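I have placed the structure first, in the form of structure tokens, so that the comments after it can refer back to it.
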Amino acid sequence: MIRFLLSASVALLMGCSSTKKDSETVLFAGEIVNPTSDQVILLKGGVKVDSAKIDNNNRFEFKLSSIENGLYHFNLAPEHQYVYLEKGDSLMVRLNTIYFDESLVFSGTNEETNNFLLELFLATEEEDSAMYSEYYELEPLDFADKIQSLRQDKVATLNELNSENLISEEAIKLLTGSIDYTYNRYKEIYPFQHKRKTAEENLHDLPKDFYSYRSQIDYGDHTLTYLRPYYDFMKAHFGNLSYMSCKNECKNAHEDESKQLHYKKHKLHLIDSLVIEKELRDNLFRNVAFDYLLKKKDAPENTEIFLTEFKKVSKNNMHIEEIENLYQGIANLQPAKVIPDLKVMTFNNENKTLTEIAANKKVLFYFWSGTNKKQYLEIFKRVSILKEKKPDHELIGINIKTDYDQWKTIIATLGVDPSSQYHSNDFKELTEKLVLYPMNKAIITENAVIVDGFSNIYKN
């Protein structure tokens, strides 16, 4: 399936010719079927470049007089996707929000780069699943061969595209980085997943050249900082380095503090010693802070030690306010505290607070989004199971990241009782004050609720 998608793309792209670039002005426009927002926002890294209104014909248009060549993101709430732009581009995009990534097609200058980048993204989603279901069980040499085979398929496709000289050197570097860092990340993860999948007592011995690519890692490439495969690789890489170096060198050095605190401090210092690019450093430091504050419960004094160490190595971190707000939010949500009095909307367009909803009854709130049909169907299926296990609790759904009218349509279509469903318009406030945080999948158990990639549990 993956190989077919990539090959089909090549056949399509070879039959097209890019528009000639006559000026430095960039035109980026498109048509949105079933728009979920009234505007498209263009970002470079974490910085907003411009926004464009979606007109009555569901079309938008950006005209940019001066931009830096490179990777951008366009955001159509609640979704976003890459777009690669160069001076002089005239690039069009068409998509249907119901099948956002799968329906997205670029045409015009740099269509080859953008369509191939999208195909890599879609292929990685499929291969991620295969990694966890079967490939991580392979022995090291077999796994390395499999990774090399998958990588070579993508490289061959890229070389075929490039044979027509339709892609710039800058774009080739970006696409090559996307391929290489995707497969190198799998290698960083392999020893830990292999041990888990095979139930081996110790980490498996690896061939000496298993991590040979590490000598070529660029820890300061600004052009790749916001490329997801590059960033995901860095997270896995530093997780691997931290564990291995700590295991081999630290011995019992953590006896005076928790293992988790010791490990995270170790990770902070490794990032500090190796990463050059400021935004990548800040983002990786943020990831370590969120991972520590959210996923592990540690003594308050250890948390204070961690934050002190964090501020020492990550000076002037652009995420410091967010991290401090998270820390305070967690403190405010301890058992002795009252749930924040946030407003949500009823099915009949009335405002209610969470406190009012939970008054004088046992309530368990769960959170879901309409952006992924397969996932929210699974969520409601699990909620039904949980209702049977907890008949003395009222399960209340809070919808996030979904247009209000679209949310009402989903509720009506599913036949879910609307009196148990509410909608939040302020995703930022909700996630910050309720300390919802990204997860990899949806889980609902008797003791926790993790829904649509966001987790926390609140009872009245």
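For this structure, a couple of remarks:
- Count of the range 274-315 residues which are in a loop (DSSP other than H, G, I, E, B), over 19 Å from TYR219 (Cβ atoms) and either open to solvent by 40 Å² or more (accessible area, probe 1.4 Å) or aromatic (Phe, Trp, Tyr) (or both): 3
- Total residues in the range 130-167, condition open to solvent by less than 70 Å² (accessible area, probe 1.4 Å), touching a residue at least 24 places away in the same chain (Cβ under 8 Å) and farther than 25 Å from TYR211 by Cβ: 4
- Check on THR225, in contact with a Ser or Thr (Cβ under 7 Å, 6 or more places away or on another chain) and closer than 25 Å to ASP291 by Cβ: no
- Leading residue by the ranking (most open to solvent (accessible area, probe 1.4 Å)) among those in the range 386-407 that are closer than 15 Å to VAL344 by Cβ and polar (S, T, N, Q): THR402
- In the range 168-189, the count of residues that are more than 24 Å from MET234 (Cβ to Cβ), surrounded by fewer than 16 Cβ atoms within 10 Å (Cβ to Cβ) and not small (Gly, Ala, Ser) is zero.
- Hits in the range 376-405 - residues which are in a helix (DSSP H, G or I) and touching a helix residue (DSSP H, G or I) at 6+ places or on another chain (Cβ under 9 Å): TYR376, LEU377, PHE380
- Residues within the range 45-54 that are open to solvent by 30 Å² or more (accessible area, probe 1.4 Å) and under 25 Å from ILE400 (Cα atoms), tallied: 6
- Picking from residues in the range 316-329 that are touching a helix residue (DSSP H, G or I) at 6+ places or on another chain (Cβ under 9 Å), in a helix (DSSP H, G or I) and open to solvent by 40 Å² or more (accessible area, probe 1.4 Å), the one that is modelled with the lowest pLDDT is ASN325.
- The range 190-211: number of residues that are within 27 Å of the chain's Cα centre (by Cα) and loosely packed, with under 13 Cβ neighbours inside 10 Å: 1
- Within the range 372-385, if we keep just the residues that are of a type in the set (S, T, N, Q) and open to solvent by 50 Å² or more (accessible area, probe 1.4 Å), the residue that is modelled with the lowest pLDDT turns out to be ASN372.
- Residue check, ILE271 open to solvent by less than 60 Å² (accessible area, probe 1.4 Å), of a type in the set (A, V, I, L, M, F, W, C) and part of a helix (DSSP H, G or I): yes
- Scanning the range 81-129 for residues that are open to solvent by less than 20 Å² (accessible area, probe 1.4 Å), of a type in the set (A, V, I, L, M, F, W, C) and more than 19 Å from the chain's Cα centre (by Cα) yields LEU85, LEU91, VAL93, LEU95, PHE106, PHE116.
- PHE62 open to solvent by less than 40 Å² (accessible area, probe 1.4 Å), modelled with pLDDT under 90 and over 20 Å from LEU175 (Cα atoms): no
- So ILE410, is it crowded, with 17+ Cβ neighbours inside 10 Å, β-branched (Val, Ile, Thr) and farther than 18 Å from LYS343 by Cβ: yes
- The range 193-231, residues that are among the charged types (D, E, K, R) and either farther than 30 Å from GLY46 by Cβ or in contact with a helix residue (DSSP H, G or I) (Cβ under 7 Å, 6 or more places away or on another chain) (or both): LYS195, ARG196, LYS197, GLU200, GLU201, ASP205, LYS208, ASP209
- Condition met for GLU164 (of a type in the set (Asp, Glu) and touching a strand residue (DSSP E or B) at 6+ places or on another chain (Cβ under 8 Å)): no
The values are calculated or read from the model by the stated rules, or taken from the named source; none is laboratory data. None of the values given here were measured: they were computed from a predicted structure. Here the Cβ is made from the backbone with ideal geometry for all residues, glycine too, and neighbour counts use every protein chain on show. SASA here: full protein model, heavy atoms, side chains in, ligands and nucleic acids out. Shrake-Rupley method; radii C 1.70, N 1.55, O 1.52, S 1.80 Å.
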